[in-house]
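Shown next, in structure tokens, is the structure this report addresses.
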Amino acid sequence: MKLSVKNCGRILYELTYGVKNRELDNVIRHFIFFLTRQRMLTKIDYIIKEFIDQARERRGVEKLEIESGWPMSKTQLNKISRHFGAAAEAEVIVNKAILGGVKIKRKNIIWDASLRTQLERLKTKLS
């Protein structure tokens, strides 16, 4: 197995799943030593992000990234999140370049319902 940030996050999840208290301290200490030996300690922030993503995935939580031209209300977020299941967590990124609509990213799939994209599609159909 190639040692990547993603793999380290998964390894950390597997090592710590169900482990408690003092044993957890030892597991994390050994993992930090391992990262140091592998010269990957500088990537710890990314590894922790992958660990959190792994934990969410194992709990069945869908992570959504919603890009919008404006801050969204909880009602708007709930309407979008409901389409992806009860356990969806949405993060909103405000991008002033988006004049209307939204872009939604889930794993490797992007749904682009932005005004610009819709107008480009219409222009292509009319050409």
- [ ] Please name all residue pairs, on different chains or six or more residues apart, with Cβ atoms under 7 Å, provided the first residue is in the range 85-109 and is closer than 25 Å to Arg59 by Cβ and the second residue is of a type in the set (S, T, N, Q) and outside any loop (DSSP other than H, G, I, E, B).
- [x] Ala88/Ser81; Ala90/Ser81; Val92/Ser68
TODO: Mind listing whichever residues of the range 33-42 are surrounded by fewer than 16 Cβ atoms within 10 Å (Cβ to Cβ) and either touching a residue at least 12 places away in the same chain (Cβ under 8 Å) or touching a helix residue (DSSP H, G or I) at 6+ places or on another chain (Cβ under 6 Å) (or both)?
DONE: Gln38, Leu41
- [ ] Taking Cys8 as meeting all but one of (1) crowded, with 17+ Cβ neighbours inside 10 Å; (2) touching a strand residue (DSSP E or B) at 6+ places or on another chain (Cβ under 9 Å); (3) in contact (Cβ under 8 Å) with a residue 40 or more places away in the chain, write down the number of the exception.
- [x] (2)
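Any read-out appearing in this document is the output of simple, stated calculations on the displayed coordinates, not a laboratory observation. Quick caveat, the model's predicted, so the values are computed rather than measured. Every residue, glycine as well, gets a Cβ built from its backbone with ideal geometry; the counts of neighbours run over all protein chains shown.
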